[in-house]
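Take a look at the structure below.
We did not get these values from a lab; they are worked out from the coordinates using the rules stated. Please read these numbers as outputs of a predicted model, since none were measured by experiment. Using ideal geometry, Cβ is built from the backbone for each residue, glycine included, and neighbour counts are taken over all protein chains shown.
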């Protein structure tokens, strides 16, 4: 799938709070709910094997969750089944999309009509951040990890490609669903890196205030 015209107009939706998938990144998932087991069974019967990851949102007056307007679709690229019938899968990020509307139907999982226009660059090769000061960024990251009592393989972080480093941290670090959505919607890699730094610095300031109270 190298063109937007190859992408379907309707895809199954997996609304998982805090789970972020980005183009050209990989997201491992553990699937056990019956409705999502059914979604995977149906997904594997399609040519594209796409699943849309979307952040759910609360809607006043509704018992069910609404959906953010922008998500990211991943292609099912790894799959294994456990002895008790659960699935371990990996989604490889393909492209972001806009939710047009939710489709009523007989499937136990949710499906949406989606639009891919505006995200053509998501299907391009890896993006580079030309203004990326890696040493400055890693010093900030070290401070953040120290404030959270986290460890890291610094040799791997220094050697990783710009996009792999920034997107992996965006997906893995423990930010709120709203913050994850801001990282998803960043229009470029440099904007995502700037957003990531802002979120880390905000979290560190909050931690310092908590210790002072």
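If residue 91 meets every condition in (1) under 23 Å from residue 35 (Cα atoms); (2) in contact with a helix residue (DSSP H, G or I) (Cβ under 9 Å, 6 or more places away or on another chain); (3) crowded, with 19+ Cβ neighbours inside 10 Å apart from one, which number is that one?
Only one criterion is unmet by residue 91, namely (2).
Quick test of your reading of the structure: residue 39 fulfils all but one of (1) closer than 26 Å to residue 169 by Cα; (2) touching a residue at least 24 places away in the same chain (Cβ under 8 Å); (3) outside any strand (DSSP E or B). Name the failing condition by number.
Among (1) closer than 26 Å to residue 169 by Cα; (2) touching a residue at least 24 places away in the same chain (Cβ under 8 Å); (3) outside any strand (DSSP E or B), residue 39 violates only (1).
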